[in-house]
Amino acid sequence: MLYYFIKKQIRARRRPEERADRAEKQKRPCRHQRRNQTQETELDPGSFDESGNQHDPASANLLSAPNPAQEQVPSNGPCEKCKQEKRNARVYRSKLIAGLVFPYFLASVDLTIVASAMPFIASHFNKLDQLNWIVTSFTLTSTAFIPAFGQLADVYGRHFVLQLAMFLMLVGSVFCAAAQTWGMLLFGRALQGTSSAGIMNLIEIVLADNVSLKENAKNSTIFQFVSGVSYGVGPVIGGYLTDANWRYCFVLSIPIAFFAHFAIFFLLRKELVRGTHLARSSSSILSGLATIDFGGTVLFILGIGLIILGTSWGGATYPWASAAVLVPMISGSILFLLFFIYEYYLEPGRVLSRVFPQQTPIVPFPMFKVKDTSLLAILEFATGAAGVYLAMFACNVWPAQTFAPLSAGTLIETVGVALITWAVTTRNIPLINGMMAVAGAGTGLRFMPSSLHAAGIWPDKIAPAMSIMRFCLPFGGTLALAIMGSVFNNKMASIFHPNMESQNGRIDIQSNQSLDDISKLPLEVQDHIRNTGKDAVMWAFISIMPIMAISFVTGIFLGNVWIKKKGGGSENQIGQGASTPLADDDEDIESNEVVYVSYLWARITGTLDEKKRITKPLTKAEKQRQAAALLEAKQQRAKLRDEPSDVENYILTSSPHQRIVSS
């Protein structure tokens, strides 16, 4: 309601000439009527047909006769085709909401529900000192498998991979609910994390498929509300379920996942983009395996998994300088570097592409030649929910572009985190809450614009672009949480001694009762503990300030994507020059203006119009043709690899005597 009220107020405040211009545009013929008028103008009864025969007068009269169906169409305003397109868009959006709302709610609410039950779950298995593994096992797989699901979505299609992710959530929930051992529980959490990686990634990919950025912004707004509701009701639901039995926190996911399977099948099976291996009816599931980048996937999963494992252990389970922390972090970093080297040489024309001609890189290396890909990844790495509504407003109403919310979000978040470090020293709870709201507003302000920006600059590579963004967000959060936790634990080491009984005024960090006993200690001891805790929290926030500073500087150099509808004309391809779009903004509903260079610099130097380009998201039919062409190219490369070279042909076709003479 508030969104529509603000939108109405903005429309009411428009200048009279702007309102008159928009009213004039609405009276113009739509693009279908303009196309019909163009065809009628080009129709000449005296011209020749394709066979070279001249039209006779009778045929000329027939050709020039008015079409009764066209007479019923008004000369201005939207025609029946335009109205039908709008109805189809509403039906498509309704199917998306009905089919994806349950998977999205399930993936969003999982962590908040389980968070309420974590101490009780760990206590049930006598693993309170390993409580963090309930979250770590989830975040490890939910981060590492994101790019893999992006490539699977391209190979096998959105529907198949989305159903696979829901099946993993169903199986993982069953394992967790029926867990009899600590290992069985963690295995179920790992499956749930893998499922979450697929669900969240696939939903963003599906929302960006077959629609303009304006429609994408509308659809994303709806799911951001679902996310906000999920985060709000999750702890409440988790609290009630935990009071009954902590296993109910996992049982709840089973019927939701089961129902989501049927909703996706009946509502979205025919609507979602098919995969490259389905471009031909003769293709099978096994043939699709030949196109998957197994080498890059294994290197990525092992590298990221070891890095997350090392950061989770560092400062909490083992000292940072111990081999248990250094070995996985160093090994993971090396594997992560090897992943990028492997992807580089898997590009067409390089060494590995000749060895594996049918495989496609899991992360296409040319994407990083566009600077906004790397800059967006850094912003997502540094990325609160208070600013989510501001992001909805900025993307849907005003200014309807991505640079403003992304750059403003980085500035607000950086200032908010800096103010939190100061507010903690005051020990003023309302002030701390206020500064956390400021930082959260800046973080939330970047959620939706980042995905829209990626879809705008890479309309033909939606799946890998969304996979990169989805990966950087949890990966950055995991590393930042590990850094802050390590700093906090080191500062509190003089008071909290893990695995030590409460004695001599010291407190056992593994005992909730010991933490409650702080109020029973002498006043001077209480002050010492609280001051130490205050300093520990302050330094924990200071430790991530370099990351925030980097994200702020990065935001300044971003390009820009306009979300409003723009007419592309004939210059609707990436990289072609684009002046002011012709006709009205109904000419090409799916074209958008993009600036790849720094938007701020182009604005300062007055070269913004020269730097603008037009991008056009691929339609469903275009994606199917692209998939067929890609499959044909892979098969051609495989055929060329298997063919004998010129030297081999000479050896096979010539006689030994001819070879001796020629030598």
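The numbers here are math on the coordinates, done by the rules we state, and not lab data. Just so we're clear, the structure is a prediction, and the values are computed from it rather than from any experiment. Glycine also receives a Cβ, built like all others from the backbone with ideal geometry; neighbour counts cover every protein chain displayed.
Trypsin sites (Lys or Arg not before Pro) within segment 92-169: which are DSSP loop residues with at most 15 other Cβ atoms inside 10 Å? Of the trypsin sites (Lys or Arg not before Pro), the ones in loops of segment 92-169 whose Cβ has at most 15 other Cβ atoms within 10 Å are Lys127.
The phi torsions of segment 325-341, fed into the Karplus equation with coefficients 6.51, -1.76 and 1.60 and a -60° offset, translate into couplings of 9, 5, 4, x, 5, 5, 4, x, 5, 5, 5, 5, 5, 5, 4, 5, 5 Hz, rounded to whole numbers, with Gly and Pro shown as x.
In the calculated pair-distance distribution of segment 90-283, the portion above 21 angstrom amounts to 51 percent of the Cα-Cα pairs. Using the Karplus relation 6.51 cos²θ - 1.76 cosθ + 1.60 with θ = phi - 60°, the per-residue 3J(HN,Hα) values for segment 317-322 come to 9, 10, x, 4, 7, 7 Hz, with x marking Gly and Pro. With contacts taken as Cα pairs under 8 Å and at least 6 residues apart, segment 90-283 reaches a relative contact order of 40 percent. Applying 1/(1 + (r/R0)^6) with R0 = 35 Å to the Cβ-Cβ distance of Gln526 and Asp243 gives a FRET efficiency near 0.65. When peptides 195-204, 253-262, 98-107 are sorted by average Cβ neighbour count within 10 Å, with the highest value leading, the order is 195-204, 98-107, 253-262.
Decide, for segment 156-230, between rounded, prolate and oblate: order the square roots of the alpha carbon gyration tensor eigenvalues as a ≥ b ≥ c, take rounded if a/c falls under 1.5, and otherwise choose prolate if a/b is larger than b/c, else oblate. Prolate is the answer for segment 156-230, as a/c is 1.5 or above and a/b outweighs b/c. Between segment 146-203 and segment 432-474, the alpha-carbon centres lie 22 Å apart.
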